[in-house]
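In what follows, a single structure is set out as structure tokens and then discussed.
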Amino acid sequence: MQQARASHAQGGQLTYTALGNNQYRISCRFFRDCSGIAAPTTLSLSVKNGSCSAAATTYTLNQVGALENGSPYCASVPGGPTQCTSTGRTNFQTAKYETTITLPPAAEWILSVSESSRPAIGNLVSSSGENMYYEARLNNLLSVNGVNTTIQNSSPQYQDQDIPIPFVCWQQRTTITFSALEADGDSLVYSLDRPLAGCNDTIAYNTFASGGIQVISTNPPCVLQLPSNGRYSPLFPISSFTTTGVCPVKTAVPDFRFDAQLGSMTFTPGVYVQPNAAGNTDNYLNKYSLVGKVTEYRRINGRYYKVGSVRRDFLVIVIDCGGNTTPAPPIASGPPKTGVQIINTDSTLITAYTCNYSEVRIKFSDPNPGDLLTVTYPKDTDPVFAAEVKQTILPIDVARFTIVGNGTTTPYGILKIQPDVLFTGKTFRIPVQITDNACPIKGVQNRILVLKIAKGNFAKVVPSVNNPYVCAGTQVDLTATPFRPDSVGLQLAQYDYRWKLGNGMAPADTVKQTLKVTPTQTTRYYVRIIGKNFRLTPKPTCVDTASVLVRVAPALTANFTVAVRNGGTSASVPPRIYTFTNTSISRVTTDSVRWTYQLVKDGDGNPVTGAPVVVFSRKFDPGADVLTIREGGTYKFTLSINNTAGIAPNKTQCTASTKSVEVVVPKLEIPNVFTPNGDGKNETFVLTAGQEGNKVQIFNRWGRLIKEYANYQNDWTGEEQPAGVYYYLLTDRAGKTTKGWVQLSR
């Protein structure tokens, strides 16, 4: 494996912890090359108020605890997994230094440590001999709406789990992180920054290898054409490429992904070694300086104020991992009924919902099928925190995370999520490190499981009919349904139900899960579903609400009035004309109308059976002169109106509303006297309405036929005939004959 030795200093960081009364514990983590000179026992801390040009106050940071060696190798490698010698394999070592100082309220404190010297690095210009410069800033006096406000603040704390000097495999996709924990609940913003040699003294970046060629394989021959005329930067600090084209020549395309919300970087190292101008290989070209900065903001009165920042300055060392492949990214999955949303990208993004029970499984695997995997993550509090600063990675009221099968080829994580409403809108990050047992160097993958808590409302009301639209008085079953798993852990999930009293609902049913309603009008029904497995006092916190709209075709009431006038030549002569006025108030909601009449008694008052029901109109308002009755008797006039419920093609005909009125039409007898004297009264021989249009023969008293009509229309005036008695013979269309007499008077 390529050696990584040079100057002993490789990186470091400064953080601070508020102890109260303006007292702060300052901690420095120093990263060094095991093969370099011994780690110092003290470091010098410089404190400036307000600017880089301000006078510095110097304090001594004393080493605390033992030096800690990195463990990048497998257990069986000669020298052991944590070797630290000048003759063995390269490794890194960390040391910790602390002191306690007083920092009165100030707009900005600048804390720094300088250590000599930075090694030669591939992405920096003339970095060899430059000082390593570690810095943290504290803003403990804020101007809030023009008023000076003193605050207490502990800085974000980098996690020991994130390897300070990561070894990454050449040409393998890798994710590393510098995620931090925040004890004060402030908002963190991650960024990549420029390395510093001093306060505001940046170090220039190098250019890429100028169009160099990297051999990918010799059989078959294949090379990678590297880009030229590019320059490293904070957002492209390492030679990381994806490839396009096909062998024998592929083209490298710069590809370095940084997640500013998580502090994670995903990249594919594209350079292992390359010749220098003299044709020699320089192993410093495999080293890249990265600076992970975390800035924290505190929300006060609805606005965010910067309260501090910290920087981790570290090396990434590219190595040739040979046949070993780094562990695969974790893959999370969850049952559909839990309602969680999962996105597996460079990080694992999980959105869960308040008051919901969810179980997400995270699968860990390795492309090398025989490799055993170990998954680690911070538990409860990170050891980098002092005892008086407690920061829970994952509150128990949100979720529990466990690893099953650690040290096997297929470990997996179980994330049992049960967030209370108090955590709505919160985001929790679980850094995981996946390490295989390959030799000589272990493959390492760092990922962040991001758990976002969104407001959940998984209740719904399930009606017994789809898209309920019913006729008035129709019974509908409504069931309050929590769309959640049926159990919490090993216990059944328990719920209470509270319905808002609504139309057609019995008060005693308002506490049932399923109730029956018989609405008479369109009504929205509301229910509260209370999760009893969550906090219930002083009042329930996990309460879902749901509703359903039951549309009702309203009940109709038919009503009308009827008027009559004579249609004959005199008041006593048929026919009679009836007009109808619809006084029903449901014109808009009425879908169909039917007007009918039926003869129920004859002119002598005798019941009539079997008479047909005749439809004479289908209009809501039939209009004037709508019905002419020519024969005496008792008639039943009926108005029937109805509507429909539902939407085509699933419409339901509702029960019709009817109104009936019986009207007596007087029987009109054939007069036995008529007087054609020109006074306009009783001028013609008149038959009944039912007899008009038939054949009529008229005879004098000696039996002689004096007048004959094939279609009599009450139009014989007795012309040219003397007064006296005359006889008639009426023959209807069926051939039935009727005899009678009439007296003509002048």
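The values are calculated or read from the model by the stated rules, or taken from the named source; none is laboratory data. Predicted model, so just to flag it, every value in this text is computed and none were measured. Quick reminder, even Gly has a Cβ in these numbers, built from the backbone with ideal geometry, and neighbours come from all protein chains shown. These area figures cover heavy atoms from the full protein model, side chains too; ligands, DNA and RNA do not enter into them. Shrake-Rupley method; radii C 1.70, N 1.55, O 1.52, S 1.80 Å.
Inter-label distance, A66 to V613: 10.3 nm, where each label sits 7 Å from its Cα along the C-beta direction.
Note on D604 and A260: their simple-model spin labels are 10.6 nm apart, each label 7 Å out from Cα toward Cβ. Across the accessible surface of the range 516-629, with the other protein chains kept in place and a 1.4 Å probe, carbon and sulfur atoms take up 52 percent. Segment N145..T737, full-extension length gain: 201.8 nm, with 0.36 nm per residue of separation and the alpha-carbon distance subtracted. Of all DSSP bridge pairs formed entirely within the chain, close to 95 percent run antiparallel.
In terms of the Cα gyration tensor, with a ≥ b ≥ c the square roots of its eigenvalues, is the range 406-495 rounded because a/c is under 1.5, prolate because a/b exceeds b/c, or oblate?
Working: a/c = 3.69, a/b = 2.98, b/c = 1.24.
The shape class here is prolate.
Under 16 Å of direct C-alpha separation, and excluding same-chain neighbours fewer than eight residues apart, K455 reaches these lysines: K426.
Counted by Cβ distance under 14 Å from P468, the other residues give a net charge of +4, where Lys and Arg count +1 and Asp and Glu count -1.
Taking 1.306 mPa s as the viscosity and 10 °C as the temperature, the Stokes-Einstein diffusion coefficient of the range 124-233 based on its alpha-carbon Kirkwood radius rounds to 85 µm²/s. Normalised by residue count, the range 604-734 yields a Cα convex hull volume of 189 Å³ per residue.
Straight-line reach from K695: taking Cα to Cα under 12 Å and skipping same-chain neighbours fewer than 8 places apart, the aspartates and glutamates in range are E708, D732. Working from the Cα coordinates of the range 73-189, the gyration tensor eigenvalues give, after taking √(5λ), semi-axes of 37, 18, 16 Å in decreasing order. Applying a 4.7 Å Cβ-Cβ cutoff to the chain, the cysteines left without a disulfide-compatible partner are C28. In terms of its Cα atoms, the range 492-580 spans 90, 22, 18 Å along the principal axes, sorted from long to short.
Evaluate Rg over Rh across the chain, taking Cα atoms for both radii and Kirkwood's formula for Rh. Please report the intermediate quantities before stating the final value.
Details: Rg = 49.5 Å, Rh = 35.0 Å.
We get a ratio of 1.41 for the chain.
Could you list, in their original order, any pairs among K619/K736; K48/K293; K667/K707; K416/K500 whose Cα atoms are separated by more than 31 Å? Checking Cα-Cα distances, K619/K736; K416/K500 exceed 31 Å. With a simple spin-label model that places each label point 7 Å from the Cα along the Cα-to-Cβ direction, the separation between L729 and N566 comes to 3.3 nm. Counted residue by residue at 0.36 nm each, then reduced by the alpha carbon distance between them, the extension gain from N677 to V253 reaches 140.5 nm. What aspartates and glutamates sit close enough to K539 to cross-link, taking a C-alpha to C-alpha distance under 15 Å and skipping anything fewer than 8 places away on the same chain? Of all the aspartates and glutamates, those that pass the test against K539 - Cα under 15 Å, at least 8 places apart if same chain - are D420, D496.
For T655 and L549, a Förster radius of 25 Å and the Cβ-Cβ distance give a FRET efficiency of 0.65, rounded to the nearest 0.05. Solvent exposure of the chain, expressed per residue, is 46 Å² of accessible area, with all protein chains present and a 1.4 angstrom probe. Rolling a 1.4 Å probe over the protein chains gives V614 an accessible area of about 50 Å².
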